[in-house]
Amino acid sequence: MPVDAAKLTKSNQEQAAAAWVNHLNQLRLGSLLDAFGQQDANFQNALASIDKAIKTIDLEVITRNRGGVKGMHGFIAEVAEVGVSNARRLILGERAVSQLVNDNGPVDLIRGGVEIQQKFVAAGGRFGLGAIADHLQKYPDFVKDGGKYQIPSDQFDIIERLHDMPPEEAGRLLTRSSDGPSFKDWQRVQAFFEEGSVGVESLEPSKLAYGEVQRGTYASTLEAEKDSLRETDQSVRDDAYGESLPTLQEGVKVTAAAAAIEGGTVFVLAVVAKRRGGKKLKDFTSADWLEISGDTGFGVIKGGVRGSSIYALTNFTATPAAVASSIVTAAFGIAEQANKLRRGEIGELEFIENAELVALDAAVSALSSFVGQALIPVPVLGAVIGNAVGTVMYKAVSSSLSQREAELIAAYLEEQRVLDEQLAAEYQELIDRLDENLFDYLGLLERAFSPDVELALGGSVELALQLGVAAEDVLDSEDKAFSYFLD
């Protein structure tokens, strides 16, 4: 059975489309695995930043009683700020940019080249603004040189609110007896910024609130930060997984590409078929082109169905791309045979046989493509080579096997026919002998049990001899009978 070049080309095109879909799926899966691997490192680095902050606070602040009872929280805040700021960047895969200066100078932290002075002060009721003014008197160029003042997040919220509040609103909303800031607090904030040495833009909130960096709370604060990092880590992974999922847009692209490829293949094969029939391109009639256009249009439709089906099967069921393509191919082939059956062109037995062959061809194509892609891990190329080689081998082997099998079956049938005739003759001979012996045996029984004593005695003697009793032991005379019973 020679290999049909057109069928081989068509099979290669089908498996190429499947391999391309599989390649797209592998790219998305590979990106997801890479993202998960990178996020593993990000998560560990973020936790390490928090652990380092805890260790530094324990060894260099708590153990050394740095800052004493009143000032210790300031040093805790500096270390915690660096640890938390870097951890929140590291968990997102960004570079750590904050570092602790720790030299009792004008700068406590540096973040990406920006010098930062922290002021975690609750005394005086000025939300740290008094401490900022004192620092600015000592280092008047700090803000001009691009420095920033960092205060607790809860204090910054209050300052920002009071700074933006108009006088009439402040007079109406703020009272001396309220739990929140008072009207006097508003006046202090307004006076500080009216002085003009520091603008509100030179202040920034810390990652932490004032109460979160005290000696008795910093440990639970940083442990809670670890929990927050775990939530962020899961969110990043969920986003990566969401981005790796198949999309309608990609499915549409696959469908359009598969339709174009299959339609183009059908067009080329149709033109080649007519050229082989002896027609030149210039001799093609409108009927020829209409036929080619019809075949091409049908190929486009089949290609679109194939592309969308393969994309759906590979992404929403556990079906390899090569198998998905073969399922679609087999479905098309069996549908064609079903139409022939409905039109009466083939019988039921032929329909079943043809359907089996279609499924077998599709299975061989899938297996060959799968093996080829595994041995030649080049997207699409390995699948096409594997399919071509596998299909050619299958056609060659199936052709030779079918001839050999036909010969074996014919020989086997002849042997069975001869054996059947031989056994039938032997069987009939045995039946005839059995009938003859049975007839004689029944006659002996009839005589041996006859009501006539003399006839019965003679029959008994014959029966005993027939059954193999020795002649001298048979009681066939009066003397033998008297001797047997009386001696």
_For the pair GLU415/GLU94, report the inter-label distance in nm, with labels modelled 7 Å from Cα in the Cβ direction._
8.2 nm
*Which whole-Hz ³J(HN,Hα) couplings does the range 185-193 yield from phi under the Karplus relation 6.51 cos²θ - 1.76 cosθ + 1.60, θ = phi - 60°, glycine and proline marked x?*
4, 4, 4, 5, 5, 4, 5, 4, 7
*Under a 5 Å amide H to amide H cut-off, with H placed in plane at 1.01 Å, what residues pair with VAL101 once short-range neighbours are removed?*
LEU109, ILE110
*With θ set to phi - 60°, apply the Karplus curve 6.51 cos²θ - 1.76 cosθ + 1.60 along the range 417-427 and write out the HN-Hα couplings as whole Hz, x wherever there is a Gly or Pro.*
5, 4, 5, 5, 5, 5, 5, 5, 5, 5, 5
*What does the charge count near PRO205 come to, summing +1 for each Lys or Arg and -1 for each Asp or Glu among other residues with Cβ under 10 Å from its Cβ?*
-3
_Listed pairs LYS119/LYS148; LYS55/LYS119; LYS70/LYS144; LYS144/LYS207; LYS148/LYS226; LYS148/LYS184 exceeding 19 Å between Cα atoms_ = LYS55/LYS119; LYS70/LYS144; LYS144/LYS207; LYS148/LYS226; LYS148/LYS184
*Distant-in-sequence amide H partners of GLU115 (H built 1.01 Å from N, under 5 Å)*: LYS148
*Which value, in debye to the nearest 20, gives the size of the charge dipole of the range 74-217 about its Cα centre, when Lys and Arg are +1 and Asp and Glu are -1 at the Cβ?*
260 debye
*Once you list every other residue whose beta carbon is under 14 Å from the beta carbon of GLN99, what net charge do they have if Lys and Arg are +1 and Asp and Glu are -1?*
-1
*Treating each Cα of the range 112-216 as an identical point scatterer and ignoring solvent, apply the Debye formula and state log10 I(q)/I(0) at q = 0.11, 0.24 Å⁻¹.*
-0.35, -1.39
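Values in this text are rule-based calculations from the coordinates and carry no lab data. From a predicted model like this one, the values you see are computed outputs, not experimental measurements. Quick reminder, even Gly has a Cβ in these numbers, built from the backbone with ideal geometry, and neighbours come from all protein chains shown.
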